[in-house]
Amino acid sequence: MRPSFALQHLTFPAIVAGFVAVLVGYTSSAAIIFQAAAAAGATALQIGGWLSMLGLAMGITSMGLSLYYRAPILTAWSTPGAALLVTSLPGTPMPETIGVFIFASGLIFLCGVTGLFARLMNYIPQAISAAMLAGILLRFGMDAFSSFKLDFTLTAVMCLTYLLMKRYLPRYAIVLTLLAGLASAALKGEIHFSHQPLSFAPPEFIAPHFTLSTLLGIGVPFFVVTMASQNAPGIATLKAAGYQVPISPLMSWTGLTSLLLAPFGGFSVCIAAITAAICMGPDVHPDPRRRYWGAACAGFFYLLAGVFGGAIGQLFSALPPALIHTIAGLALLGTIAGSLQRALVDEKQREAAVITFLITASGLTLLGVGAAFWGLAGGVITHVILSLPRRPQAE
């Protein structure tokens, strides 16, 4: 019997968590999507259509998967994959670019159908998954306090509000901190809205063209980077938070969605890690079983972003960077603390977890693959070696 969702579990903190997740997602990496689309030779209208498709795809999958499984399953575009496209696509005709998207999405769908990716992820101990998540989120936690250099007054107001509300109204701490930040920024005149009206950018169908050189030279690396640097951390984030959801169906649905939408510019739909963590903290709901509404609300805001296409990015860019960095870091404090606790609780896995945390937090990139993957790999290798049986000592 499949899980069902209950509307009474929807709370205002969950709505705010969903908004903050989408806010952080767009402001942190939307510029890379613009660059990737421009590298493919997309026009301004086509770029808006790409963002519309991505928003609609992430909205539908986030809401559908979260409500179906009653777990905070948030989807996202592949930011590492988009960064690879920025450097790989120049000179590639648009039909061949679409062919690359379809090819990579088909491989992801195949991984879901065959269960290969699920079997691989099952070998990763929870302590290592938790350490990887803590390493990913460390930068966001640090950025919250380095924002004092960007805007001391705004950051101080938000941090003080957060501490006071954690003491007196803990459930609404992030909500009230965001409102305090918005009020402070507005009073200081730091919110600058664009004069461009919100509008829907209609997606444009582009017939794909497949060539062996682009599929091997761009499609295979794009697939590997997306799986290693986006989907693997996303699944590990769910595991680290204690959500035991079936991996193969998630890969199948996200791969199928991007496969269908690739001709319209929906180049990737993956399992989110950083933004999903915002929807998994205790501020969303004290009961972890009811935090799925945070991701479902994020899906709703993604749908709005999809309807309004590229203009929504301008709306988010109106907010000062210090506000975005601070609210993201404070919203993730509980998740960072919980991840570190789960990573270090088992003494037998502690050293492997620390190595995972340090590699992930280092920002290491090798062979075009990001630090999260190498953190997982380093942690698993350490765990395997330290678990080898010892030779009996001669008497």
Query - Test result for ALA185, assigned to a helix (DSSP H, G or I) and more than 21 Å from the chain's Cα centre (by Cα) - result: yes
Query raised in the report: Can you tell me which residue in region 270-310 is modelled with the lowest pLDDT, limited to those that are in a loop (DSSP other than H, G, I, E, B) and over 19 Å from LEU23 (Cβ atoms)?
Result: PRO282
Query raised in the report: Just one of the numbered conditions (1) open to solvent by 20 Å² or more (accessible area, probe 1.4 Å); (2) at pLDDT 90 or above; (3) closer than 27 Å to SER258 by Cβ is not true of PHE101; which one?
Result: (1)
Query raised in the report: Within region 207-228, how many residues turn out to be open to solvent by 20 Å² or more (accessible area, probe 1.4 Å) and under 30 Å from THR335 (Cβ atoms)?
Result: 2
Requested in this report: Can you work out which of the residues in region 229-266 that are part of a loop (DSSP other than H, G, I, E, B) and open to solvent by 20 Å² or more (accessible area, probe 1.4 Å) is nearest to THR114 (Cα to Cα)?
Outcome: PRO246
Report task. Would you mind finding the one in ALA296, ALA236 that is in contact (Cβ under 8 Å) with a residue 12 or more places away in the chain, farther than 30 Å from GLY379 by Cα and aliphatic (A, V, I, L, M)? Result -> ALA296
Report summary line: Quick count over region 267-284, residues being of a type in the set (Asp, Glu) and surrounded by fewer than 24 Cβ atoms within 10 Å (Cβ to Cβ), is 0
**Report entry** Any hit, region 139-154, residues being open to solvent by less than 10 Å² (accessible area, probe 1.4 Å), at pLDDT below 85 and within 25 Å of LEU344 (Cβ to Cβ)
**Finding:** no
Requested in this report: Could you check, for region 331-345, whether at least one of its residues is under 20 Å from the mean Cα position of the chain (by Cα), modelled with pLDDT of 85 or more and of a type in the set (Gly, Ala, Ser)?
Outcome: yes
Query raised in the report: Is it the case that ALA38 is open to solvent by 50 Å² or more (accessible area, probe 1.4 Å), small (Gly, Ala, Ser), modelled with pLDDT under 85 and within 24 Å of PRO263 (Cβ to Cβ)?
Result: yes
Report task. Determine the pairs where a residue that is more than 20 Å from MET121 (Cα to Cα), located within region 212-232, has a partner that is in a helix (DSSP H, G or I) and acidic (Asp, Glu) with Cβ atoms under 7 Å apart, the partner being 6 or more residues away or on another chain. Result -> THR214/GLU96
Report task. Evaluate region 361-373: report whether one residue or more is at pLDDT 85 or above and open to solvent by less than 50 Å² (accessible area, probe 1.4 Å). Result -> yes
Query raised in the report: With respect to the numbered conditions (1) of a type outside the set (Ser, Thr, Tyr); (2) without any contact (Cβ under 8 Å) to a residue 24 or more places away in the chain; (3) touching a helix residue (DSSP H, G or I) at 6+ places or on another chain (Cβ under 7 Å), which one is the sole condition not fulfilled by LEU260?
Result: (3)
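Residues are listed down the side, and each one gets a yes or a no for (1) surrounded by fewer than 23 Cβ atoms within 10 Å (Cβ to Cβ); (2) in a helix (DSSP H, G or I); (3) of a type in the set (Gly, Ala, Ser):
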site	(1), (2), (3)
MET58	no, yes, no
THR61	no, yes, no
THR97	no, yes, no
GLY106	yes, yes, yes
ILE124	yes, no, no
Query - For GLY48: the one exception among (1) in contact with a Leu (Cβ under 9 Å, 6 or more places away or on another chain); (2) over 19 Å from VAL225 (Cβ atoms) - result: (1)
Query - Hits in region 63-95 (condition: among the aromatic types (Phe, Trp, Tyr) and outside any helix (DSSP H, G or I)) - result: TRP77
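The values are calculated or read from the model by the stated rules, or taken from the named source; none is laboratory data. Quantities reported herein were computed from a predicted structural model and do not represent experimental measurements. Note that we place each Cβ from the backbone using ideal geometry, even for glycine, and neighbour counts take in every protein chain shown. Each accessible area value is taken on the protein alone, full model and side chains, heavy atoms only, with ligands, DNA and RNA left out. Shrake-Rupley method; radii C 1.70, N 1.55, O 1.52, S 1.80 Å.
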